[in-house]
Amino acid sequence: MTTTRERSLDAAVELVGTHGIRALTHARVDAQAHLPRGSTSNHFRTRSALLAGVAAWIAEQETRDLSAALSRPFDDLDGFVETFSTAIELLTGPYAVRTRARYALFLEAAGDPDVYGPMHAQREGMATWSRNLLTSLGARHPETATRAFMAFADGIALHRLSVDPQAPVRESVAVAVRGCLEA
């Protein structure tokens, strides 16, 4: 059974992911979640607390939803390309609204460690995962390769979220990974 808090968080993600960060108010979240007025503020007293709650919720949901895709074993470059491509397709397909909300929160959170913290921790986890795999695939300069690959991942995700939702992923990921291994 979904709790009032979870309903509020799901509604907040939906609002931010479809209408932008300015749409995030306690009253709008209550309305979106079909909750009595004031329900969201029972869990998140301030807008800052609501932003922090949404950031942590997104990180938790993404970790849960991507863990299966990212934990598939593989032994070679093609396996890495397939695994990472699947993750990008999930983030920009079925989870596109949540991904848009995450990007909006990143921009909003620059000066708020309570909001930035959970999102940054999740991103660091993804960077560590990518660095380890790029290293295992023979990256000459793993730190540089990881920064370049993470920038590429953000770029392809933003492109699919904003310009071309059907843009092919696998071919681009393959080129990016090969380039990162050579750099």
Where N is the number of residues in the stretch 4-182, Cα Rg divided by 2.2 N^0.38 Å:
1.11
In whole angstrom, how far apart do the alpha carbon centroids of the stretch 1-23 and the stretch 117-183 sit?
28 Å
For the chain, find the longest principal axis of its Cα atoms and tell me its angle to the long axis of helix 4-19, 0 to 90°, nearest 10.
70 degrees
Please name whichever of A11, L161, H34 sits farthest to the positive end of the charge dipole of the chain, dipole taken about the Cα centre and charges placed at Cβ: Lys and Arg +1, Asp and Glu -1.
H34
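Is it possible to state the helix-based mean residue ellipticity at 222 nm for the chain, with each DSSP H run of 4+ residues giving -39500 (n - 2.57), the sum divided by total residues, to the nearest 500 deg cm²/dmol? What is it?
Calculated from helices alone, the mean residue ellipticity at 222 nm is -25000 deg cm²/dmol.
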Charges only on Cβ, +1 for Lys and Arg, -1 for Asp and Glu: so what's the dipole of the stretch 81-165 about the Cα centre, in debye to the nearest 20?
140 debye
For the chain, the longest principal axis of the Cα atoms and the Cα long axis of helix 113-136 enclose an angle in degrees, to the nearest 10, of 20 degrees
Output the relative contact order of the chain, whole-number percent, from Cα pairs under 8 angstrom with separation of 6+ residues.
23 percent
With charges only on Cβ, +1 for K and R and -1 for D and E, what is the dipole size of the stretch 4-182 about its Cα centre, in debye, rounded to 20?
580 debye
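Laboratory data are not the source of any read-out in this text; all were calculated from the coordinates shown. Nothing here was measured: the structure is a model prediction, and the numbers come from that model. Counting neighbours? That spans all protein chains shown, and the Cβs are built from the backbone with ideal geometry, glycine included.
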